[in-house]
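Colleague: Input: one structure, supplied below.
The values are calculated or read from the model by the stated rules, or taken from the named source; none is laboratory data. Computed from a prediction, not measured in an experiment: that's the story for all the values here. Neighbour counts are summed over all protein chains in view; Cβ atoms, including those assigned to glycine, are modelled from backbone coordinates with ideal geometry.
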RNA sequence: GAGCGUGUGGCCUAGUCAGGAUAUGGCGGCAGCCUCCUAAGCUGCAAGCCGAGGGUUCAAAUCCCUUCACGCUCGCCA
């Protein structure tokens, strides 16, 4: 709705400028606390118009023509600014649209096919609290892009041939695997032991190298060993992801690109560019023309491929299946993803868009699966659900055990997802138990609570026979300040979705969710619904509560957070 | 040594790419609000001049330069 409003503002201002013989590439539109939207165009055109910004702003405001039924209500010059306020039609239309479009409201303005890769953690142990930042950013991005209208497929790229997997496979043949444990955790146990062993006796490293050569040559027994290790870890990882409402559409394996011959082909293609050379027996690509001083190794001295080489083949494959490729990667991949993009460019192939997020570390330092220094996602989720249960039990002691457990789960996951997604990906964070388990105000549960409140009003109204969702209502009766604020906030959902999708910034949606809940709680506090003075006003307000319920639910869904009707 | 990222009240954080009207919100602190739709809510108060220093501009948290601090990274790991 806001996008349409903005479009009208652009058109009306451009027309006004044209009739004055002026032209601006940038109208300097910005959100403002003084109006629904403001334009700084008078600053830009002051010299061109040979007028002071203040006078020019006034002249533009006077020149603007508003057609009937415009979403723009009034245009006023305040000093050098041009303030534009929405019309009553804008408010009324918003209510109407939400009621008719419901779960589709504000979306569907983009199209095209996107392959989105996220998480892709090595299957050498469970996901830890750093990995899930990737999962949550990635999954939220998927939901944002889908809602915006894209056809999105999410992929978890499974590393089933790297050195670390060779170590896991080797470890499984030497140490006992604890079948009683969740498989990814049991894998980590043997992996950590193997690393201790390898550090103590470097001679054993040769055994790992041998396994890697065998698997690349296609030795069946070795492949089977790797597969076993990988599928155990992935099964556990999937379970954790599912717990957080994260699901991938497919799990392409690295080895598939070796077996299909794609990796060999891409190595030949690289050679054909004339930009490769042999350096100490390894095949390297010269990326100097692309801003990388150092060359990139794409084939080891022993002829085996590297992660990067397989990744090239993977991206080539992806590019044939989608219009856009998006990779969500940790900060440690900054350099390598740059080199990957440069190499793809060199080969004349499409490059992925890369979303980088900074690290999550522990107070005592960075996490490491290999050294067993990490807090697993499962551990965090267990603790948070336990804490959430305490909170529900405190507030709703009369409810059933099933209700409390259910709410604790939904609220716990909501708290974790929101906590992670609300922070800009480019900020590094330090995991802190106290903070993680603190159900701070205005977090995920705050937004869920707003939704539950809306549901509660509607439920009560229905029980009293006051609520008929199908009955026509008069939105023009919604004139209270907090009512109009709430409606305008809901109207801007599309604009936030658009920004979030275009800039690949999932945190924009999180901030919006908080603001929307704020607006609803303000309304809730100051405007009585069930005890409204007149029947018609009550009907309109109930419809507004229903709208809030819908938009809050849509927003929560976009964040991958459950929307409980009661909590 | 080099590259990338970050630095906003006691703590966390929005805004920085596209410079403009009194810098967003939370936590913590202080003072209040449940005979009324769930107080996981709401109201008010104290607290920041945006790491430091220069520069560009009518206008800088935002752009440029210098500098400091922290995180990540720097060829046969992924």
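Colleague: Give the residue, chosen from A:198, A:242, that is over 22 Å from residue A:317 (Cβ atoms) and in contact with a helix residue (DSSP H, G or I) (Cβ under 6 Å, 6 or more places away or on another chain).
Modeller: Going through A:198, A:242 in turn, just one is over 22 Å from residue A:317 (Cβ atoms) and in contact with a helix residue (DSSP H, G or I) (Cβ under 6 Å, 6 or more places away or on another chain): A:198.
Colleague: So which residues in segment A:304-313 are part of a loop (DSSP other than H, G, I, E, B) and touching a helix residue (DSSP H, G or I) at 6+ places or on another chain (Cβ under 8 Å)?
Modeller: The one that is part of a loop (DSSP other than H, G, I, E, B) and touching a helix residue (DSSP H, G or I) at 6+ places or on another chain (Cβ under 8 Å): A:304.
Colleague: On to the next question. Answer yes if at least one residue in segment A:449-462 is within 12 Å of RNA strand B (Cβ to nearest atom), farther than 30 Å from residue A:367 by Cα, crowded, with 17+ Cβ neighbours inside 10 Å and over 34 Å from the mean Cα position of the chain (by Cα), and no otherwise.
Modeller: Looking for residues that are within 12 Å of RNA strand B (Cβ to nearest atom), farther than 30 Å from residue A:367 by Cα, crowded, with 17+ Cβ neighbours inside 10 Å and over 34 Å from the mean Cα position of the chain (by Cα), one finds at least one in segment A:449-462, hence yes.
Colleague: What are the residues in segment A:1-39 that are within 27 Å of the chain's Cα centre (by Cα), free of Cβ contacts under 8 Å to residues at least 24 places away in the same chain and outside any loop (DSSP other than H, G, I, E, B), if any?
Modeller: A:7, A:29, A:30
Colleague: So residue A:178 fits all but one of (1) closer than 28 Å to residue A:212 by Cβ; (2) within 16 Å of RNA strand B (Cβ to nearest atom); what number is the exception?
Modeller: (2)
Colleague: I would also like to ask the following. Check off (1) away from RNA strand B (no atom under 16 Å from the Cβ); (2) crowded, with 20+ Cβ neighbours inside 10 Å; (3) modelled with pLDDT under 95 for residue A:152 and give me the number that stays unchecked.
Modeller: Of (1) away from RNA strand B (no atom under 16 Å from the Cβ); (2) crowded, with 20+ Cβ neighbours inside 10 Å; (3) modelled with pLDDT under 95, only one is false for residue A:152: (3).
Colleague: Being surrounded by 12 or more Cβ atoms within 10 Å (Cβ to Cβ) and either on the phi > 0 side of the Ramachandran plot or over 37 Å from the mean Cα position of the chain (by Cα) (or both) is the filter here, so list the residues in segment A:253-272 that pass it.
Modeller: A:271
Colleague: Looking at segment A:78-87, can you tell me whether even one residue there is outside any helix (DSSP H, G or I) and under 30 Å from residue A:429 (Cβ atoms)?
Modeller: No, the conditions are met nowhere in segment A:78-87.
Colleague: Looking at segment A:40-69, which of its residues are under 38 Å from the mean Cα position of the chain (by Cα) and either near RNA strand B (Cβ under 8 Å from one of its atoms) or crowded, with 18+ Cβ neighbours inside 10 Å (or both)?
Modeller: A:40, A:41, A:42, A:43, A:44
Colleague: Could you run through segment A:424-434 and say how many residues are surrounded by fewer than 12 Cβ atoms within 10 Å (Cβ to Cβ), under 16 Å from residue A:136 (Cβ atoms) and more than 7 Å from RNA strand B (Cβ to nearest atom)?
Modeller: Qualifying residue count for the region: 0.
Colleague: Exactly one condition in (1) in contact with a helix residue (DSSP H, G or I) (Cβ under 7 Å, 6 or more places away or on another chain); (2) part of a helix (DSSP H, G or I); (3) surrounded by 15 or more Cβ atoms within 10 Å (Cβ to Cβ) is not met by residue A:351; state its number.
Modeller: Evaluating residue A:351 over (1) in contact with a helix residue (DSSP H, G or I) (Cβ under 7 Å, 6 or more places away or on another chain); (2) part of a helix (DSSP H, G or I); (3) surrounded by 15 or more Cβ atoms within 10 Å (Cβ to Cβ) leaves (2) as the failure.
Colleague: Exactly one of (1) touching a strand residue (DSSP E or B) at 6+ places or on another chain (Cβ under 9 Å); (2) more than 10 Å from RNA strand B (Cβ to nearest atom); (3) within 15 Å of residue A:267 (Cβ to Cβ) is unmet by residue A:318. Its number?
Modeller: (3)
Colleague: Name the pairs whose Cβ atoms lie under 7 Å apart, with the first residue in segment A:206-227 and surrounded by fewer than 16 Cβ atoms within 10 Å (Cβ to Cβ), the second at pLDDT 90 or above and in a helix (DSSP H, G or I), and 6 or more positions between them or separate chains?
Modeller: A:207/A:170
Colleague: While we're on this one: Name the one entry in A:146, A:97 that is free of Cβ contacts under 8 Å to residues at least 12 places away in the same chain, within 31 Å of the chain's Cα centre (by Cα) and within 28 Å of residue A:29 (Cβ to Cβ).
Modeller: Answer to the selection: A:146.
Colleague: Just a yes or no: is a residue in segment A:277-287 touching a helix residue (DSSP H, G or I) at 6+ places or on another chain (Cβ under 9 Å) and more than 13 Å from RNA strand B (Cβ to nearest atom)?
Modeller: no
Colleague: Might you check whether a residue that is closer than 18 Å to residue A:453 by Cα and part of a loop (DSSP other than H, G, I, E, B) occurs anywhere in segment A:502-513?
Modeller: no
Colleague: On to the next question. With (1) surrounded by fewer than 24 Cβ atoms within 10 Å (Cβ to Cβ); (2) over 24 Å from the mean Cα position of the chain (by Cα); (3) touching a residue at least 40 places away in the same chain (Cβ under 8 Å); (4) within 13 Å of RNA strand B (Cβ to nearest atom) as the list, and residue A:536 as the residue in question, which single condition is left unmet?
Modeller: Answer for residue A:536: the failing condition is (4).
Colleague: Hey, can you tell me all the residues within segment A:360-384 that are in contact with a helix residue (DSSP H, G or I) (Cβ under 8 Å, 6 or more places away or on another chain) and within 11 Å of RNA strand B (Cβ to nearest atom)?
Modeller: A:360, A:369, A:370, A:384
Colleague: Among the numbered criteria (1) buried (at least 21 other Cβ atoms within 10 Å of the Cβ); (2) closer than 22 Å to residue A:125 by Cβ; (3) in contact with a strand residue (DSSP E or B) (Cβ under 6 Å, 6 or more places away or on another chain), which single criterion is violated by residue A:296?
Modeller: So residue A:296 meets the others, but not (2).
Colleague: Right, something else. Mind checking whether some residue in segment A:193-207 is over 30 Å from the mean Cα position of the chain (by Cα), within 24 Å of residue A:119 (Cβ to Cβ) and at pLDDT below 95?
Modeller: Yes; the residues of segment A:193-207 include at least one that is over 30 Å from the mean Cα position of the chain (by Cα), within 24 Å of residue A:119 (Cβ to Cβ) and at pLDDT below 95.
Colleague: Another question about this same structure. For residues in segment A:9-30 being near RNA strand B (Cβ under 9 Å from one of its atoms) and surrounded by fewer than 15 Cβ atoms within 10 Å (Cβ to Cβ), which is farthest from residue A:488 (Cα to Cα)?
Modeller: Restricting to residues being near RNA strand B (Cβ under 9 Å from one of its atoms) and surrounded by fewer than 15 Cβ atoms within 10 Å (Cβ to Cβ), the top hit is A:26.
Colleague: Here is a follow-up. For the condition surrounded by 23 or more Cβ atoms within 10 Å (Cβ to Cβ) and at pLDDT below 95, what is the one hit in A:132, A:165, A:136, A:187?
Modeller: That would be A:165, the only listed residue that is surrounded by 23 or more Cβ atoms within 10 Å (Cβ to Cβ) and at pLDDT below 95.
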